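Contents: one structure, followed by commentary.
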Amino acid sequence: MSNATTAWRWLTAAVLFHFVISLVHGLAHTRANVPLSRAGTLFVVSVILAGPLIGLAVTRLAQPIGVALVAITMAASLVFGVVNHFVLSSPDHISHVEASWRTLFASTAALLAVTETLGTGLAVRLARERKRTS
């Protein structure tokens, strides 16, 4: 198995795991009564949930575009999540979440950051490898 094949498998796993973690994190948001603005909800649905999945699907038809879409949406998700969960003082900050939901909320926020970092890095790596072999 080549390095590129291994990277594709890891990227696929990162995107799918990210989606599952996002759903669990969304449940924690709902149960802990941590609302999002309309703009925040639109960002979550289009960029965080749909973007990486669409990017992965597009790689089958247009690999450079799909990989770029995965890299951009995962990087944007990472910035959004880190800023909202760990930096800004708001109801979305992990320290302000209702105590009974804080552990699930914080652990899924951290796992999202890990999968977003991994997904961004792998997508950038695959894009660079493609450029070198083209």
Hey, what angle do you get for helix 3-31 against the long axis of the chain, alpha-carbon based, 0 to 90 degrees rounded to 10? 20
Calculated diffusion of the range 40-103, Stokes-Einstein form, Kirkwood radius summed over Cα pairs, 4 °C and 1.567 mPa s, µm²/s: 100
Going by alpha carbons, how many degrees (0 to 90, nearest 10) lie between the helix axis of 63-82 and the longest principal axis of the chain? 20
Under the Debye formula (equal points on every Cα, no solvent term), log10 I(q)/I(0) of the chain at q = 0.13, 0.21 Å⁻¹: -0.54, -1.14
For the chain, what does the accessible surface come to per residue with a 1.4 Å probe? Please give it in Å². 56
So what's the range 70-132 giving for Rg/Rh, alpha carbon basis, Kirkwood Rh from the mean inverse pair distance? 1.14
Computed on alpha carbon atoms, what radius of gyration and Dmax characterise the range 1-59, expressed in Å? 14.3, 46
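The values are calculated or read from the model by the stated rules, or taken from the named source; none is laboratory data. Here the structure is a predicted model, which means the values were calculated and not measured. Surface areas here come from the heavy atoms of the whole protein model, side chains and all, with no ligands, DNA or RNA. Shrake-Rupley method; radii C 1.70, N 1.55, O 1.52, S 1.80 Å.
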